[in-house]
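A.B. asks: Mind having a look at this structure? Questions to follow.
The values are calculated or read from the model by the stated rules, or taken from the named source; none is laboratory data. From a predicted model like this one, the values you see are computed outputs, not experimental measurements. Every residue, glycine among them, receives a Cβ derived from its backbone with ideal geometry; neighbour counts consider all protein chains shown.
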Amino acid sequence: MTRYDTVLVLDFGGQYCHLIGRRVREQGVYSEILPHDAKVEEIRLLGEKLNVKGIILSGGPASIFDADAPRLDVKILDLGLPVLGICYGHQLLAHIAGGKVGRAEIKEYGSTYITIDKPVGILKGLNRKEKVWMSHSDIVFSIPNDYEVLAYSENSPIAAFRHREKPIYGLQWHPEVSHTEKGIQMLRNFLFEVCGCEANWKMDSNFIDQMIEEIRFEIGENKAIIALSGGIDSSVATVLAAKAIGDRLTAVFVDHGFMRENETETVRKFFQAFGINLVVVDAQERFLKRLKNVVEPEMKRKIIGEEFIRVFEEVAEKIGAECLIQGTIYPDRIESGFRRFSDKIKTHHNVAGLPTHIKFRKIVEPLRDLYKDEVRRIAEILGLPKELVYRQPFPGPGLAVRIMGEVTKEKVEIVRRADKIVREEIERSGLGESLWQYFAVLTDTKSTGVKGDARAYGHVVAVRIVESREAMTASFAKIPYEILERISTRITNEIPEVTRVVYDITHKPPATIEWE
Ligand code: XMP
């Protein structure tokens, strides 16, 4: 195995922590995320497998003054490795060094300009004024003499600093988000100038062969089962596993009844054409039954997740598979592992999150170290169809979380038809590829309308179309009115139960992308 040059990211709970890891990998440098309290011994041990060249401390929601604020094993700073603190990481480094950190009088949130006094190290090659993205309420007021200030902003007197002799840097802003215009250059400076990394991480067919070999080795002569959702992760894991163990693999597709139009059939056709053993379980009635009278979104998510596991367990037992293969990707693994300091927004149900208590001899997760864009790259190399590789994300609980209030068969049918119209019109307009997601939501409001000279009283459908790079933030898309008009006309004409269509003009944050 290649011993990749690696930059570790210590996770202080910031919502952009993963983005840091991804940005590093995008530059060809391998990255892994560790909990903020990783011990120096752990990092030394990782050194046997990876060529650790630097450490980044992420941002986080805490203030260093909180009693339970996340801390760092300070011995890490003595490893002699380059360290970059971002936002909370920046404040923490200043605090550890004996600098003064305090509440800012004015919180900085959003785009702002910094003035760079010393364009060196991480700031090499940048202009005196640069546009960056800040999101913080504490700031660094002073830093001891063995450090020097590199940049300031209107409200942050020490927006960037570095140690005069050691490769230790702090940035108050977030270089990893795209709103920091030269953010990539800053990260590249850290990786290549400060850490001296070589860009030797890449996704290619050698890497795929290694994964297939690993699956073969792990499964041995046993039979394995995989939960296939039709999403990119489980699809790629299924194809890799089938290449590794052939017909000793069974893929299980649980149709909970909240799939989009034709979804089940498309998945069935594609995987059968690939010659993969596929079991499609029609579980529509039992999911609907369990959701009867349930209106609370988190409850819906929980029930769907649990029921999914039950169905899967039953099939697994019948097939008698000893091993489970999962399409878990890196962010899933980290989220369920140690992210103690990030705030929970909603429970994501993902087939990757299976199963908590089914007994398997072994669980194999071939994609466990990969980010979504890397999985897409594998899908392309494997020759998976474009519709699958660039499919818009679809939540595990499906259309059920796009129906406000109780989920009924009638409502599922309405939102499914509306969703199909939104997809058709957006794809026909050619905008699909530039958008993150486009779909319909069935609100729990009814409204008066007039259809064919008669009063009508029907459902209100909301159309949600967003642009995003990683779903952490999103903007509602400024779709031309003519397209929105076509969507609204078709929905009200083709779905008699709908009298009104509204367009959701909320960004994330403050809204989330899905309505529930
Ligand atoms: P939110 O609504 O949290 O969604 O802004 C962010 C992204 O995640 C997708 N999503 C899910 N994906 N299981 C998934 O696999 C889920 O339960 C789930 N809920 C939301 C959502 O479509 C968006 O792309």
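A.B. asks: State yes or no: is residue 144 free of Cβ contacts under 8 Å to residues at least 24 places away in the same chain and in a loop (DSSP other than H, G, I, E, B)?
C.D. replies: Answer is no for this residue.
A.B. asks: Additional query: State yes or no: is residue 377 of a type outside the set (A, V, I, L, M, F, W, C), in contact (Cβ under 8 Å) with a residue 12 or more places away in the chain and within 16 Å of the ligand (Cβ to nearest atom)?
C.D. replies: No: the conditions fail for residue 377.
A.B. asks: Here is a follow-up. Looking at region 225-240 only, could you name the residues that are in contact with a Leu (Cβ under 7 Å, 6 or more places away or on another chain) and either assigned to a helix (DSSP H, G or I) or farther than 22 Å from residue 215 by Cα (or both)?
C.D. replies: 232, 233, 234, 235, 236, 237, 238, 239
A.B. asks: Confirm whether residue 463 is within 16 Å of the ligand (Cβ to nearest atom), farther than 30 Å from residue 23 by Cβ and either of a type outside the set (Ser, Thr, Tyr) or in contact (Cβ under 8 Å) with a residue 12 or more places away in the chain (or both).
C.D. replies: Against the criterion (within 16 Å of the ligand (Cβ to nearest atom), farther than 30 Å from residue 23 by Cβ and either of a type outside the set (Ser, Thr, Tyr) or in contact (Cβ under 8 Å) with a residue 12 or more places away in the chain (or both)), residue 463 qualifies.
Every residue, every condition in (1) modelled with pLDDT under 90; (2) closer than 28 Å to residue 221 by Cβ; (3) aliphatic (A, V, I, L, M); (4) within 14 Å of the ligand (Cβ to nearest atom), yes or no:
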{"position": "335", "(1), (2), (3), (4)": "yes, no, no, yes"}
{"position": "343", "(1), (2), (3), (4)": "yes, no, no, yes"}
{"position": "357", "(1), (2), (3), (4)": "yes, yes, no, no"}
{"position": "363", "(1), (2), (3), (4)": "yes, yes, yes, no"}
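A.B. asks: Continuing with this model, one more query. Considering only residues that are among the basic types (Lys, Arg) and within 30 Å of residue 404 (Cβ to Cβ), look in region 297-324 and name the one that is farthest from the ligand (Cβ to nearest atom).
C.D. replies: By that ranking, first place goes to 310.
A.B. asks: Which members of region 116-131 meet the condition of being out of contact with any strand residue (DSSP E or B) (no Cβ under 6 Å at 6 or more places or on another chain) and either buried (at least 21 other Cβ atoms within 10 Å of the Cβ) or over 14 Å from residue 186 (Cβ atoms) (or both)?
C.D. replies: Passing the criteria: only 117.
This table checks each residue for (1) buried (at least 18 other Cβ atoms within 10 Å of the Cβ); (2) touching a Leu at 6+ places or on another chain (Cβ under 9 Å).
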| site | (1), (2) |
| --- | --- |
| 362 | no, yes |
| 375 | yes, yes |
| 379 | yes, yes |
| 383 | no, no |
| 389 | yes, no |
| 406 | no, yes |
| 412 | yes, yes |
| 421 | yes, no |
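A.B. asks: Condition first: among the basic types (Lys, Arg) and under 18 Å from residue 437 (Cβ atoms). Now tell me which residues in region 390-409 satisfy that.
C.D. replies: 391, 402
A.B. asks: Tally time: how many residues in region 496-515 are assigned to a loop (DSSP other than H, G, I, E, B) and touching a helix residue (DSSP H, G or I) at 6+ places or on another chain (Cβ under 8 Å)?
C.D. replies: Result for region 496-515: 3.
A.B. asks: In region 497-516, which residues are more than 9 Å from the ligand (Cβ to nearest atom), polar (S, T, N, Q) and either surrounded by fewer than 16 Cβ atoms within 10 Å (Cβ to Cβ) or under 17 Å from the mean Cα position of the chain (by Cα) (or both)?
C.D. replies: Listed by number, the list holds a single entry, 506.
A.B. asks: Now for a separate question. Hey, does region 266-277 have a residue that's at pLDDT 95 or above and small (Gly, Ala, Ser)?
C.D. replies: no
A.B. asks: Separate question: If we scan region 41-56, do we find a residue that is closer than 21 Å to residue 175 by Cα, in contact (Cβ under 8 Å) with a residue 40 or more places away in the chain and outside any strand (DSSP E or B)?
C.D. replies: No, the conditions are met nowhere in region 41-56.
A.B. asks: Related question: Filtering region 316-333 down to residues that are surrounded by fewer than 19 Cβ atoms within 10 Å (Cβ to Cβ) and not charged (D, E, K, R), which residue is modelled with the lowest pLDDT?
C.D. replies: Residue satisfying both the conditions and the ranking: 320.
A.B. asks: Could you figure out which of (1) in contact (Cβ under 8 Å) with a residue 60 or more places away in the chain; (2) more than 16 Å from the ligand (Cβ to nearest atom); (3) charged (D, E, K, R) isn't true of residue 455?
C.D. replies: Here residue 455 meets the rest and fails (1).
A.B. asks: Please determine, by comparing only the residues of region 172-222 that are assigned to a loop (DSSP other than H, G, I, E, B) and in contact with a Cys (Cβ under 7 Å, 6 or more places away or on another chain), which one is surrounded by the fewest Cβ atoms within 10 Å (Cβ to Cβ).
C.D. replies: 222
A.B. asks: Taking region 391-415 as the region of interest, how many residues are under 11 Å from residue 441 (Cα atoms) and within 16 Å of the ligand (Cβ to nearest atom)?
C.D. replies: 7
A.B. asks: Only one of these conditions is not met by residue 444: (1) farther than 26 Å from residue 24 by Cβ; (2) away from the ligand (no atom under 16 Å from the Cβ); (3) surrounded by 18 or more Cβ atoms within 10 Å (Cβ to Cβ). Which number is it?
C.D. replies: With respect to (1) farther than 26 Å from residue 24 by Cβ; (2) away from the ligand (no atom under 16 Å from the Cβ); (3) surrounded by 18 or more Cβ atoms within 10 Å (Cβ to Cβ), residue 444 is out only on (3).
A.B. asks: Here's a follow-up. Output the qualifying pairs, or none if there are none: Cβ atoms under 9 angstrom, residues six or more apart or on different chains, first residue in region 487-516 and within 23 Å of residue 468 (Cβ to Cβ), second residue more than 16 Å from the ligand (Cβ to nearest atom) and part of a loop (DSSP other than H, G, I, E, B).
C.D. replies: Final answer for the pair search is 487/479; 503/479.
A.B. asks: Can you name every residue in region 1-29 that is part of a strand (DSSP E or B) and more than 18 Å from the chain's Cα centre (by Cα)?
C.D. replies: Correct list: 5, 6, 7, 8.
A.B. asks: Assess whether residue 471 counts as being outside any helix (DSSP H, G or I), small (Gly, Ala, Ser) and more than 12 Å from the ligand (Cβ to nearest atom).
C.D. replies: no
A.B. asks: To continue, here is another question. Give me a count of the residues in region 451-496 that are within 22 Å of the chain's Cα centre (by Cα) and within 19 Å of residue 411 (Cα to Cα).
C.D. replies: 1
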